[in-house]
1. For segment 16-56: of the residues being within 14 Å of Tyr158 (Cβ to Cβ) and of a type in the set (A, V, I, L, M, F, W, C), which is surrounded by the most Cβ atoms within 10 Å (Cβ to Cβ)?
2. If you scan segment 93-103, which residues turn out to be surrounded by 16 or more Cβ atoms within 10 Å (Cβ to Cβ) and either closer than 17 Å to Gly303 by Cα or not β-branched (Val, Ile, Thr) (or both)?
3. Of all residues in segment 303-325, count the ones that are in a helix (DSSP H, G or I) and under 30 Å from the mean Cα position of the chain (by Cα).
4. Can you tell me how many residues within segment 45-67 are more than 16 Å from Phe201 (Cβ to Cβ) and touching an Asp or Glu at 6+ places or on another chain (Cβ under 8 Å)?
5. Just the residues that are within 13 Å of the ligand (Cβ to nearest atom) and outside any helix (DSSP H, G or I), please, taken from segment 80-137.
6. I need the full set of residues from segment 180-228 which are surrounded by fewer than 16 Cβ atoms within 10 Å (Cβ to Cβ) and of a type in the set (Val, Ile, Thr), in order please.
7. Name the single residue, out of those in segment 169-179 being surrounded by fewer than 17 Cβ atoms within 10 Å (Cβ to Cβ) and at pLDDT below 95, that is farthest from Trp36 (Cα to Cα).
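The values are calculated or read from the model by the stated rules, or taken from the named source; none is laboratory data. Just so it is clear, the structure is predicted and the values come from calculations on it, not from any experiment. Cβ coordinates were reconstructed from backbone atoms using ideal geometry, including for glycine residues, and neighbour counts include every protein chain displayed.
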Amino acid sequence: MYAQMIKSESTDDDPEKLAAFQARIDANEKIEPKDWMPQGYRKTLIRQIGQHAHSEIVGQLPEGNWITRAPTLERKAILLAKVQDEAGHGLYLYCAAETLGVTRDELTEMLNDGRMKYSSIFNYPTLTWADMGAVGWLVDGAAIMNQVPLQRTSFGPYSRAMIRVCKEESFHQRQGYDIMMRMAEGTPAQKRMAQDALNRFWQPALMMFGPSDKDSVHSAQSMAWKIKMNTNDELRQKFVDQTVPQAEYLGLTVPDDNLRWNEDTGHYEFSEPDWSEFFDVIQGNGPCNTDRLEARNAAWNDGAWVRDGMHAHAQKKQQTKVAAQ
Ligand code: FAQ
């Protein structure tokens, strides 16, 4: 259906339609699913919303790993609720993508066979309880930085999904920071665990914003269409400016020898992440890529009997309806 829909759609070469579409975007009108849209706009949204949905779903795995090992009943309940929220975010986002003519099954198949990406960050392992703090603080912190502007994105269903997702993400970020505070104020061993988690997650969190602007393939067109509201580097800088004082408050050290406050620019200077590692991870060679895709494929295959049962039930209902007519 996806391939057929993209193929059969009118081409983008009608200058009048394109100009009218761009004028709507420039006037900050929302584009709704039944409105005419250029094929490239539809494809870009399916790619970005689909990747975002997959990130929420795969993103449950590193934290799901700690539900049974949370240190207290309260922490377990909070973590469980957070992971459930992520499943919910994935579902809103799949629904938003479905309004563009692709099915959730097609998106899932494209994730499972590696045709679609999910966020690089979820290819890193969560080794200690402090990593639950670092994920909430840094990963949800980066996600919010990216998603708050997306509440104003031009495609109506995506923008509305983002409003709800952002409310929940800010609770997630606070619970992560709360874990980090407890660890940082705890025994020397707990503080060392918190520092170690920050050391391991700092660079991968910076990479969440995508490659540097000079290497970003999609930013210029996506920003012209208001699918993206900021460049990758703009959001990364905002994240660093916001997060460094939070690390200082915790008494932790950001693992970057080049980090310094620049009075003139009013921003922190920081080292570029290791981009060769980033490209390696998004090509499938990160520490956990194989595990993550195996887990998602296993879930899909194990659930086949549920899908088969539901299809059989729907078919039987349809047959009964036809027979009664
Ligand atoms: N990971 O031209 P650009 C969360 C790819 S939040 C993997 O700059 P674009 C919440 C990109 O797809 C995380 N791939 O791309 C949570 C493209 O490849 P393609 C998800 C990446 O799209 C928290 C190529 O590199 N958030 O999960 C990454 O304009 C805690 C060139 O890059 C979103 O998806 C990356 N980090 O900008 C859940 C937000 N970066 O497709 C659980 C919406 C780039 O041509 C626990 N997405 N690539 O093969 C966006 O804002 C954008 O898509 C960017 C990338 C900014 C991620």
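1. Ile49
2. Leu93, Tyr94, Ala96, Ala97, Glu98, Leu100, Gly101
3. So the count comes out to 6.
4. Number of matching residues: 3.
5. Correct list: Gly114, Arg115, Met116, Lys117, Tyr118, Ser119, Tyr124, Thr126.
6. Result: Thr187, Val217.
7. Applying the first criterion (surrounded by fewer than 17 Cβ atoms within 10 Å (Cβ to Cβ)) to segment 169-179 yields 170-171, 174, 178.
Narrowing further to those that are at pLDDT below 95: 170-171.
On the way: Ser170: 34, Phe171: 37 Å.
Here the answer is Phe171.
Table: residues versus (1) touching a helix residue (DSSP H, G or I) at 6+ places or on another chain (Cβ under 6 Å); (2) more than 20 Å from Asp178 (Cβ to Cβ).
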{"site": "Gly59", "(1), (2)": "yes, no"}
{"site": "Gly64", "(1), (2)": "yes, no"}
{"site": "Glu74", "(1), (2)": "no, no"}
{"site": "Gly90", "(1), (2)": "yes, yes"}
{"site": "Thr103", "(1), (2)": "no, yes"}
